[in-house]
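Structure, as structure tokens:
The values are calculated or read from the model by the stated rules, or taken from the named source; none is laboratory data. These numbers were taken from a predicted model, which means no experiment stands behind them. Virtual Cβ from ideal backbone geometry, glycine too; neighbours counted across all protein chains shown.
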């Protein structure tokens, strides 16, 4: 991030394309979050959450959506899903909410 910031200050525009990512361990369970549901103008606030998995088994994926766009993903016990979603977001290839609902 520092190199990109320095290049931009020097007039050599370089986009910052990293997708926000967070993870932690809570009571021996891995929680990962990728994407963003914040924004000063409110453009990234979610209006729907789609849950796949089982809360009781502490293994689930939560998709934070706004309209037909998936903005962020939180996982517990499903680390590979968070990693894959982060890569899809970075490449602009994240499925639509409607596709997720259809299971495609």
**Message:** Within the stretch 78-88, take every residue that is in contact with a strand residue (DSSP E or B) (Cβ under 7 Å, 6 or more places away or on another chain) and at pLDDT below 95 and give me the one that is surrounded by the fewest Cβ atoms within 10 Å (Cβ to Cβ).
**Reply:** 79
**Fill in**
Residues of the stretch 5-16 being at pLDDT 85 or above and in a loop (DSSP other than H, G, I, E, B), in sequence order, are 10
**Request:** Tell me which residues, restricted to the stretch 17-31, are without any contact (Cβ under 8 Å) to a residue 60 or more places away in the chain, over 19 Å from residue 64 (Cα atoms) and not in a strand (DSSP E or B).
**Result:** 27, 28
**Prompt:** Residue check: is residue 53 at positive phi, surrounded by 16 or more Cβ atoms within 10 Å (Cβ to Cβ) and not in a loop (DSSP other than H, G, I, E, B)?
**Reply:** yes
